[in-house]
Amino acid sequence: MFKSIRNYIMTIGLVIMAFASCSKPQVVAPEYKEVTANNLQGKWELVSLNGDDILEGSFLHMEFIRNETKFIITDGMNGFFDAPKTYTGKFYISYDDALGAVIEGLYDHDTGLWNDKYIVSELTDDSMKFTGLKSGDIQIFKRL
């Protein structure tokens, strides 16, 4: 009788130790990069707008050219799938203590400023988030 109780207690102890020794996988938070022209350099594609995926066949690409602080936007949204529009201009990054990095753009050919300024956050090697200051729109971009 004592032998079976002892075996039972040892079995329970082993089970408890097995569960206790199992560790949950650590969730590693991504390391965000500083928002600079150098870290924005390259081509990006809009993949999400306000939490919704971009419709299949439509696209918006942004290219940042760091040395000249220029941008090229290729807009294949809103019915321009077959003949996308291309916009060029200069971008500017400023830093605000409360907001962080803010980007704005000025189109070439005197067509004016971007409709909004954007807080740039969650910048990694592969993705970034734009949040419109006026509109509140949240845009997620992935690097091409």
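The values are calculated or read from the model by the stated rules, or taken from the named source; none is laboratory data. Treat the numbers as computed from the prediction; the structure is a model and nothing was measured. Note that we place each Cβ from the backbone using ideal geometry, even for glycine, and neighbour counts take in every protein chain shown.
Counting only residues that are within 27 Å of Glu31 (Cα to Cα) and not hydrophobic (A, V, I, L, M, F, W, C), give me the strands (runs of 3 or more DSSP E) lying completely in the range 46-124 with at least 2 of them.
Result: 59-65, 85-96, 100-107, 118-121.
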Practice task
Consider Asn7 carefully, then state whether it is part of a helix (DSSP H, G or I), at pLDDT 95 or above and either within 30 Å of Ser135 (Cβ to Cβ) or not hydroxyl-bearing (Ser, Thr, Tyr) (or both).
Solution key: no
Handout entry: Matching residues in the range 19-56 - criterion: being under 30 Å from Lys70 (Cα atoms) and either modelled with pLDDT under 95 or among the charged types (D, E, K, R) (or both)
Key = Pro30, Glu31, Lys33, Glu34, Lys43, Glu45, Asp52, Asp53, Ile54, Leu55, Glu56
